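**Student:** One structure, as structure tokens, below. Some questions next.
The values are calculated or read from the model by the stated rules, or taken from the named source; none is laboratory data. Remember, it's a predicted structure, so these values are computed and weren't measured experimentally. Note that each Cβ is placed from the backbone with ideal geometry, even for glycine, and that neighbours are counted across all protein chains shown. Each accessible area value is taken on the protein alone, full model and side chains, heavy atoms only, with ligands, DNA and RNA left out. Shrake-Rupley method; radii C 1.70, N 1.55, O 1.52, S 1.80 Å.
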Amino acid sequence: MARTLYDKLWDEHVVVQRDDGSALLYIDRHIVHEVTSPQAFEGLRLAGLKPWRTDSILATPDHNVPTTLAERTGGVAGISDAVSKIQVQTLDDNCNQLGITEFEINDPRQGIVHVVGPESGACLPGMTIVCGDSHTSTNGALGALAFGIGTSEVEHVLATQCVVSKKMKNMRVSINGKLGKGVTAKDVVLAVIGKIGTAGGTGFAIEFAGEVIRDMSMEGRLTVCNMAIEAGARAGLVAVDDTTIEYVKGKPFAPTEDDWRVAVDYWRSLKSDDQALFDRTIDINGAEIEPQVTWGTSPEMVLPVSACVPDPEGEDDKLKAEGIRRALGYMGLRAGQAISDIAVDRVFIGSCTNSRIEDLRAAAMVVKGKQKASSVKQALVVPGSGRVKAQAEAEGLHQIFTAAGMEWREPGCSMCLAMNADRLEDGEHCASTSNRNFEGRQGFGGRTHLVSPAMAAAAAMAGHFVDVRDFEGDIK
């Protein structure tokens, strides 16, 4: 029987299938950070247990780490926020006591878990990968089954190397055609969410396919799968191809020699069979996608930069109309306002969605030789890991950013969420390359607009949203 990629990954990892539809699923890789792990490790201690397979675990702090060099120089002791310091120190203590590999705060490999996993080769095609973080779906770009789990499940995986799960339905989102100038992977996934809504993928694993996806770099695919969760899905997937294999080759944790050859033979089977059936299919013309900007308080509230903010009076659905009114009120926008008329107070380029080297290169191309608008209070550029930071500095990207009046920071989640020192003030608008824009996500009263790195960089220079396709400079 023909199977989808998701079917194959699921079948390979089922330990026990139960009559109620649930199954015990074996987990190959467990990524751990400081936010959801303390309670899980404490639960193990209270039960008198130890991790089943410490070699399956890779840990790194990311949510609570400061991103200024002054605070990072002192390691954990240099963290000024007391709660953040406790959380990072607790992760260190747990990993040291149990012999778990951890990229600590000043380890040159430290970074955001969803950046560190793929770039180190710890996350590989064919794996089941979990982390106490919903954006674990990022790793599905490798042809892996990756999804976020709760704190109690983190403890269960630590103790048993398995998790209880129910099989999802299959959805295929095919994006064909050729993307236009200035249109990126971030614009593609925002356009998908705009089309199907934030509940469109509920109950599904989404396989992203089509010419646009095949033409994407691995970094672009990671961005797309990262935001599958924002479309309501628990997992996003992309079939393995030469792009995947070339990306993995030579990574520190990747197989070598004979093991590499065996692995590649298996990885090439990780694609949906031609006759495989999907429960739902979505087709999108990539040539019609424009640079996107979210205007509201949900990722589905997104429009092309050339559009205007919607008017609730023009919406027949009363529930949707009320949602628009509420969003406009929170965001401080008026119906019919041009997206390009929205001024920004701060700019954030980073997060597990858009903090990889290609993202930083795209932003640097926009700002090179320019100056940040005086109306923009702050523009942060935060690399996703120490490896990304080192590569960007080797290419001189940090000098381009600082010359433009932007701040070059240390790796971490930073302003993606209000869990560290980098946050918005009440009422401030932010052009953000992150993945979520709900009320208060980046700080109490903060107003988040999700965009691509190039669009965020252009907004930093102009002081408001502009169509990066028309912006002066070199845009791919």
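**Student:** Which ones in region 440-467 are part of a loop (DSSP other than H, G, I, E, B) and either within 21 Å of the chain's Cα centre (by Cα) or without any contact (Cβ under 8 Å) to a residue 60 or more places away in the chain (or both)? Reasoning before the result, please.
**Tutor:** Start the filter on region 440-467 by keeping residues that are part of a loop (DSSP other than H, G, I, E, B), which leaves 440-446, 451-452, 463, 465-467.
Answer for region 440-467, where residues must be part of a loop (DSSP other than H, G, I, E, B) and either within 21 Å of the chain's Cα centre (by Cα) or without any contact (Cβ under 8 Å) to a residue 60 or more places away in the chain (or both): Gly440, Arg441, Gln442, Gly443, Phe444, Gly445, Gly446, Val451, Ser452.
**Student:** A follow-up question, please. From the residues in region 60-77 that are surrounded by fewer than 13 Cβ atoms within 10 Å (Cβ to Cβ) and not hydroxyl-bearing (Ser, Thr, Tyr), which one is nearest to Ile112 (Cα to Cα)?
**Tutor:** Residues of region 60-77 surrounded by fewer than 13 Cβ atoms within 10 Å (Cβ to Cβ): 69-70, 73, 77.
From what's left, not hydroxyl-bearing (Ser, Thr, Tyr): 69-70, 77.
Values: Leu69: 17, Ala70: 19, Ala77: 20 Å.
If we take residues in region 60-77 being surrounded by fewer than 13 Cβ atoms within 10 Å (Cβ to Cβ) and not hydroxyl-bearing (Ser, Thr, Tyr), then Leu69 is nearest to Ile112 (Cα to Cα).
**Student:** For region 103-125, enumerate the residues that are open to solvent by 10 Å² or more (accessible area, probe 1.4 Å) and either free of Cβ contacts under 8 Å to residues at least 40 places away in the same chain or under 20 Å from Ser272 (Cβ atoms) (or both).
**Tutor:** Matches in region 103-125: Asn106, Leu124.
**Student:** Of the residues that sit in region 292-327 and are among the β-branched types (Val, Ile, Thr) and part of a loop (DSSP other than H, G, I, E, B), which one is surrounded by the most Cβ atoms within 10 Å (Cβ to Cβ)? Steps first, please.
**Tutor:** As a first pass, look at region 292-327 and keep what is among the β-branched types (Val, Ile, Thr): 293-294, 297, 302, 305, 309, 324.
Subset that is part of a loop (DSSP other than H, G, I, E, B): 297, 305, 309.
On the way: Thr297: 21, Val305: 24, Val309: 22.
So the residue we want is Val305.
**Student:** Take the residues in region 1-59 that are outside any helix (DSSP H, G or I) and in contact with a Gly (Cβ under 6 Å, 6 or more places away or on another chain), then tell me which one is least open to solvent (accessible area, probe 1.4 Å). Quick ask: steps written out before the conclusion?
**Tutor:** Start the filter on region 1-59 by keeping residues that are outside any helix (DSSP H, G or I), which leaves 1-4, 14-37, 48-53, 57-59.
Now narrow it down to the ones that are in contact with a Gly (Cβ under 6 Å, 6 or more places away or on another chain): 31, 36.
On the way: Ile31: 9, Thr36: 27 Å².
My answer is Ile31.
**Student:** Also, I was wondering about something else. Being open to solvent by 10 Å² or more (accessible area, probe 1.4 Å) and either under 16 Å from Met455 (Cα atoms) or assigned to a loop (DSSP other than H, G, I, E, B) (or both) is the filter here; which residues of region 328-351 pass it? If you could, list the steps in order and put the result at the bottom.
**Tutor:** Just the residues of region 328-351 that are open to solvent by 10 Å² or more (accessible area, probe 1.4 Å), to begin with: 328-330, 332-338, 340-341, 343, 345-346.
Passing the criteria: Gly332, Leu333, Arg334, Ala335, Gly336, Gln337, Ala338, Ser340, Asp341, Ala343, Asp345, Arg346.
**Student:** List pairs: first residue in region 7-27 and free of Cβ contacts under 8 Å to residues at least 24 places away in the same chain, second residue surrounded by fewer than 18 Cβ atoms within 10 Å (Cβ to Cβ) anywhere in the structure, Cβ distance under 7 angstrom, at least six positions apart or on different chains.
**Tutor:** Taking only residues 6 or more apart or on different chains, the pairs are Val16/Leu24.
**Student:** Of all the residues that make up region 352-398, how many are farther than 23 Å from His63 by Cβ, surrounded by fewer than 23 Cβ atoms within 10 Å (Cβ to Cβ) and small (Gly, Ala, Ser)?
**Tutor:** Result for region 352-398: 6.
**Student:** Yes or no: Ile129 in contact (Cβ under 8 Å) with a residue 12 or more places away in the chain, buried (at least 24 other Cβ atoms within 10 Å of the Cβ) and outside any loop (DSSP other than H, G, I, E, B)?
**Tutor:** Working: in contact (Cβ under 8 Å) with a residue 12 or more places away in the chain: yes; buried (at least 24 other Cβ atoms within 10 Å of the Cβ): yes; outside any loop (DSSP other than H, G, I, E, B): yes.
Taking the combined requirement at face value, the residue satisfies it.
**Student:** Something else about it: Quick check on region 399-417: of everything there that is among the small types (Gly, Ala, Ser) and assigned to a loop (DSSP other than H, G, I, E, B), which residue is surrounded by the fewest Cβ atoms within 10 Å (Cβ to Cβ)? Outline the logic, then answer.
**Tutor:** Narrowing region 399-417 to residues among the small types (Gly, Ala, Ser): 403-405, 412, 414.
Then keep just the ones that are assigned to a loop (DSSP other than H, G, I, E, B); that gives 404-405, 412.
Numbers: Ala404: 21, Gly405: 17, Gly412: 29.
Filtering first and then ranking leaves Gly405.
**Student:** Give the number of residues within region 132-154 that are surrounded by 23 or more Cβ atoms within 10 Å (Cβ to Cβ) and out of contact with any Ser or Thr (no Cβ under 9 Å at 6 or more places or on another chain). Give the derivation first.
**Tutor:** Within region 132-154, the first condition is being surrounded by 23 or more Cβ atoms within 10 Å (Cβ to Cβ), and the residues that meet it are 132-133, 135-147, 149, 154.
Filter once more, so that each one left must be out of contact with any Ser or Thr (no Cβ under 9 Å at 6 or more places or on another chain): 136-137, 139-140.
Here the count works out to 4.
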